[in-house]
Amino acid sequence: MSEVQELIVNMGPQHPSTHGVLRLIVHLDGEVVTRVIPDLGYLHRGLEKLAENKTYAQFLPVTDRLDYLAAISNNLAYCLAVEKLLGLDVPKRASYIRVILAELTRIVSHLVWLATHALDLGAFTPFLYCFRERELLLDIFEMYCGSRLTTTAFRIGGVPKDIDSQIKQKIEEFVKIFPSKMNEYEALLTNNKIWLERTMNVGIISAEDAINYSLSGPCVRGSGVEWDIRRAEPYCVYNELDFDIPTGRGVGDTYDRYLVRLEEMRQSNRMIKQAFEKMPEGNLMADDPRVVPPTRDNVQTRIESLIHHFHIMAEGFNPPVGEVYQAIEAPKGELGFYIISDGSPKPYRMKIRVPSFANLQAIEKMCENGMMLADVVAIIGTLDIVLGEIDR
Amino acid sequence: MGSAYPTIELEEARMSKQEIIEAVKAKFTDVIESVDDTKDLTIRVKKENILEICRFLACAPDLGFDYLSDICGVDYSARQPRFDVVYHIYSVNKKHRLRIKAAAGENESIDSVESVWKAANWYEREVYDMFGIVFDNHPDLRRILLPDDWKGHPLRKDYPLVTDVGEKWLEEKLVTHVPV
């Protein structure tokens with residue numbers, strides 16, 4: 001009777017706690033995890049191959065389908081990369097609008113994370129609370145660009161639409177009530193004994209390991225590494241905004257990453273408030289007729305503008321030969337686009353560096369040291385993965 | 001939590017592009033084939049030296065490239081050697097980036113850098129999956145996104161955008177009729 005048998009459990013790809021179509025092959029000794037082998041690719045759509053066959057403007061809506069919980073961040077990273085390739089200067093007002101929407105997206109993404117993470121660990125109420133606030137934000141996105149999830153909110157060279165007084169009022173209302181809503185979530189979880197038991201000392205990863213495994217975003221900051229691309233390599237107008245980088249309490253466990261994300265939501269809220277105060281008047285699109293199509297009024301009244309518009313839309317534009325890498329701090333970590341241009345209207349090669357891919361790789365490391373099967377669920381939740389961007 | 005952090009003086013922490021190049025050239029005299037600093041700093045090295053140079057870049061205290069952002073492959077189908085393997089590395093402390101390129105031929109392999117950065121494990125599997133470039137001394141070189149028995153490497157330029165490879169693969173898998 002002393003024979004020890006290793007049990008192999010197949011978790012996913014249809015398991016609700018795997019947040020999409022992730023499959024884990026979990027080796028168990030009793031209830032203790034001895035090894036976790038992730039199996040990816042169930043959502044692979046070949047987006048990088050697709051990018052090589054679309055013009056730069058045509059690929060923009062496809063970026064919505066990477067991290068579909070934070071589509072605006074993907075749009076931002078892609079637009080910044082193409083603008084870097086073109087050497088295009090975006091007007092300041094457009095950059096402020098981008099920052100406001102990107103920070104709202106960060107809150108949306110973190111709300112979904114908190115809702116599902118808490119649900120996975122047995123707390124149902126935070127799910128209802130978080131989706132209540134998320135709904136307000138999705139309404140704002142819908143007012144701005146007409147869609148709620150797949151937004152395509154920006155254009156190469158700027159933003160298509162101003163934040164008018166109606167949208168501004170909605171955002172300001174949200175910014176005003178959100179801190180009190182945050183207190184509601186915290187009242188449910190932060191000092192909840194069950195929550196502490198389920199998250200403290202679960203999935204610990206040290207700062208050195210976190211960097212060695214290329215963790216980014218809240219996952220690396222939860223291990224005490226004060227690294228945020230918004231601060232380290234400021235893009236848009238982040239160098240004009242004041243914000244703190246939370247790093248947790250220095251353990252590197254699931255509870256630390258919970259604290260970091262909560263504080264990030266507060267900081268995002270703060271940044272949106274500042275951005276409205278500092279936002280100047282001005283143009284919304286860059287002044288470059290090679291890339292930016294003429295305005296709708298001109299297209300409808302002048303034949304030259306119509307031809308111009310047709311050329312840009314049908315043929316695309318020819319960026320200079322060269323290659324760029326542009327990274328931003330997406331809600332989940334470092335999101336980077338590496339574009340190689342051969343001077344034609346379509347990219348020669350586009351590699352999308354997604355945060356979830358690298359973050360998920362650390363799951364094997366985090367499941368060491370006698371984690372239980374139930375902790376695997378907590379660790380998947382704390383990594384905040386989205387399979388849409390892992391599989392591409 | 002939430003205390004005010006001092007503003008980081010970015011320019012002081014960063015090494016200039018020239019300083020990075022000089023630091024690398026001081027250690028490796030004739031390994032760097034070319035340098036390009038028009039947009040992002042890029043160095044091209046021989047593929048035989050990739051592991052050695054990566055280990056140096058990651059460990060040298062003044063450079064400190066401790067973070068591997070990305071590894072990707074590029075197929076220049078008209079060129080000899082055919083592929084480029086591109087490494088994007090970053091220093092979390094010093095806040096500088098560097099791109100390393102190494103060329104590899106169609107039936108050649110390149111050393112794995114998994115021993116330097118653990119993150120390279122999956123990145124190299126993805127490059128192998130998409131381009132068929134083999135990494136020597138990789139602990140677990142399997143396909144990552146596509147099924148293990150898939151034929152072809154989709155991001156090669158000669159792999160068509162629309163194919164019936166997927167349907168054929170599925171047909172082989174599906175058991176439609178089992179005689180009684």
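We did not get these values from a lab; they are worked out from the coordinates using the rules stated. Source: prediction; values computed, not measured. Glycine also receives a Cβ, built like all others from the backbone with ideal geometry; neighbour counts cover every protein chain displayed.
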| request: Provide the net charge surrounding residue B:164, with neighbours chosen by a C-beta distance below 13 Å and charges set as Lys +1, Arg +1, Asp -1, Glu -1. | output: -1
| task | Using only Cα atoms, find the angle between the long axis of helix A:125-145 and the longest principal axis of chain A, and express it within 0 to 90 degrees, rounded to the nearest 10. | result | 10
| For the range A:65-152, alpha-carbon Rg over 2.2 N^0.38 Å | 1.25
| What is the helix-to-structure angle for A:165-189, meaning the angle in degrees between its Cα long axis and the longest Cα principal axis of chain A, kept from 0 to 90 and rounded to the nearest 10? | 10
| request: Could you please state, rounded to a whole Å, how far the C-alpha centre of the range A:144-178 is from the C-alpha centre of the range A:341-392? | output: 28
| Sequence-distant residues sharing a close amide H with residue A:353 (under 5 Å, placed H) | A:336, A:337, A:338
| said: Going by average Cβ density within 10 Å per residue, which order do the peptides A:346-353, B:23-30, B:52-59 take, highest to lowest? | reply: A:346-353, B:52-59, B:23-30
| message | Taking beta carbons within 10 Å but only from partner chains, what does the mean come to for residues A:357-367? | response | 3
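Need one number: convex hull volume per residue for the range A:238-315, Cα atoms only, in Å³. Can you show the working numbers first?
Values: hull volume 13.8 nm³, N = 78.
Convex hull volume per residue, Cα atoms: 177 Å³.
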| query | Size of the range B:17-142 along its principal axes in angstrom, Cα-based, largest extent first? | reply | 36, 30, 24
| note | Of all DSSP beta bridges with both partners in the range B:28-180, the antiparallel percent, nearest 5, is 75
| message | Which one, B:35, B:162, B:127, has the greatest fluctuation when you compute a Gaussian network model over chain B with C-alpha springs under 10 angstrom? | response | B:162
| task | Sticking with the crude label model, points 7 Å out along Cα→Cβ, report the distance from residue A:301 to residue A:169 in nm, one decimal please. | result | 3.0
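Starting with the fewest neighbours, write out A:372, A:279, A:313 ranked by other beta-carbon atoms found within 10 Å of each beta-carbon.
Arranged by neighbour count, lowest to highest, A:372, A:279, A:313 become A:313, A:372, A:279.
Which of the chymotrypsin sites (Phe, Trp or Tyr not before Pro) across the range A:122-168 are loop residues per DSSP, with 15 or fewer other Cβ within 10 Å? Please report the intermediate quantities before stating the final value.
Details: sites: A:124, A:127, A:129, A:131, A:141, A:144, A:154; in loops: A:124, A:154.
When the chymotrypsin sites (Phe, Trp or Tyr not before Pro) of the range A:122-168 are filtered for loop state and at most 15 Cβ neighbours within 10 Å, A:124 remain.
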| task | Would you give the gap between the C-alpha center of the range B:55-129 and the C-alpha center of the range A:235-255, rounded to a whole Å? | result | 28
| query | ³J(HN,Hα) across the range B:19-27 via Karplus (A = 6.51, B = -1.76, C = 1.60, θ = phi - 60°), whole Hz, x for Gly/Pro? | reply | 5, 5, 4, 5, 5, 6, 5, 5, 8
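About the Cα centre of the protein assembly as shown, what is the dipole size in debye to 20, counting +1 per Lys and Arg Cβ and -1 per Asp and Glu Cβ, all else neutral? Write down the numbers at each step before the final one.
Working: 67 positive and 86 negative charges, 229 e Å.
Approximately 1100 debye in magnitude.
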| note | The farthest towards the positive end of the charge dipole of the protein assembly as shown, of the residues B:28, A:174, B:93, given +1 on Cβ of Lys and Arg and -1 on Cβ of Asp and Glu, is A:174
| About the Cα centre of the range B:1-150, what is the dipole size in debye to 20, counting +1 per Lys and Arg Cβ and -1 per Asp and Glu Cβ, all else neutral? | 240
| note | Interchain or sequence-distant (5+) residues whose placed amide H lies within less than 5 Å of the amide H of residue A:362 are none
| request: Could you list the trypsin sites (Lys or Arg not before Pro) in the range A:277-319 that lie in coil according to DSSP, counting only those with at most 13 other Cβ atoms within 10 Å of their Cβ? | output: A:290, A:302
| For chain A, modelled as a GNM with alpha-carbon contacts under 10 angstrom, which of A:109, A:344, A:73 fluctuates the most? | A:344
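Report the net charge of residues surrounding residue A:238, where surrounding means a beta-carbon distance below 11 angstrom and charges are Lys +1, Arg +1, Asp -1, Glu -1.
Numbers: positive: A:98, A:230, A:231; negative: A:103, A:228, A:233, A:240, A:242, A:329.
Around residue A:238, the charge tally is -3.
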| remark: The ³J(HN,Hα) series, computed from each phi in the range B:82-94 with the Karplus coefficients 6.51, -1.76 and 1.60 at θ = phi - 60°, rounded to the nearest Hz and given as x for glycine or proline, is 6, 10, 10, 10, 10, 10, 9, 10, 8, 10, 5, 6, 8
| Helix axis angle, B:50-59 relative to chain B longest principal axis, alpha carbon, degrees | 50
| Sequence-distant or interchain residues sharing an amide H contact under 5 Å with residue A:35, placed H: which? | A:27
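What do you get when you divide the Cα radius of gyration of the range A:1-109 by 2.2 N^0.38 Å, with N the number of residues?
Working: Rg = 21.0 Å, N = 109, 2.2 N^0.38 = 13.1 Å.
The value comes to 1.61.
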| field | P(r), alpha carbons of the protein assembly as shown - 20 Å bins starting at zero, rounded % | value | 20, 55, 24, 1, 0
